[in-house]
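Here's the structure we're looking at; comments come further down.
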Amino acid sequence: MRKTFVLGIVLLTATLFAFAGAKARTLEISIADPTSVAGVQLKAGEYQVKVNAEDTLATFYREGTEVAKVTVHNQPSSAKFGDNEFIIEAGTLKGINVGGTTASLIVDGQAK
């Protein structure tokens, strides 16, 4: 009986740690000029970008309102990024390098 109880606690703890490892992240960004992301025009201003735990979906919010949702994929870098960096080419957001990590999130397109 005691072995079963201990085994149950160990399994529960392992399961909790497995789910605790992957966490969603929220990035604060400031866009100086109008920028397009997956076909959606973002006005200059402050945004929150919430990235899901699997690094497959990024949702952009302005003043608490969702303004864009895009699919992304992680293209890991060999070195950590010091700060959040935004890859913008010809007025279009192509990716986000996540500060403090090696994650480089490349924009794939608009989420369905």
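Each reported figure results from applying straightforward, stated rules to the coordinates on display, with no laboratory input. What you are looking at is a predicted structure, and each value in this text was computed from that prediction instead of being measured. Every residue, glycine among them, receives a Cβ derived from its backbone with ideal geometry; neighbour counts consider all protein chains shown.
Taking amide hydrogens as placed 1.01 Å from N in the peptide plane, the amide H of Val67 sits under 5 Å from those of Phe60, Tyr61, Arg62, each at least 5 positions away in sequence or on another chain.
Under 19 Å of direct C-alpha separation, and excluding same-chain neighbours fewer than eight residues apart, Lys69 reaches these lysines: Lys23, Lys43, Lys50, Lys94, Lys112.
Distances between every pair of Cα atoms in region 16-112, grouped in 10 Å steps from 0 to the bin holding the largest one, split as 16, 51, 28, 4, 0 percent. Using 0.36 nm per residue and subtracting the Cα-Cα separation, the extra length available between His73 and Gln110 on full extension is 12.1 nm. With the biggest extent put first, the Cα atoms of region 39-91 measure 34, 25, 21 Å across the principal axes. Loop-located trypsin sites (Lys or Arg not before Pro) in region 23-97 (DSSP state not H, G, I, E or B) with no more than 16 neighbouring Cβ atoms inside 10 Å: Lys23, Lys43, Lys80. Note that region 66-71 has calculated 3J(HN,Hα) couplings of 5, 10, 7, 9, 10, 8 Hz, one per residue in order, obtained from phi through the Karplus relation 6.51 cos²θ - 1.76 cosθ + 1.60 (θ = phi - 60°); glycine and proline are x.
Amide H to amide H, with H built 1.01 Å from N, Thr101 comes under 5 Å of Phe81, counting only residues 5 or more places away or on other chains.
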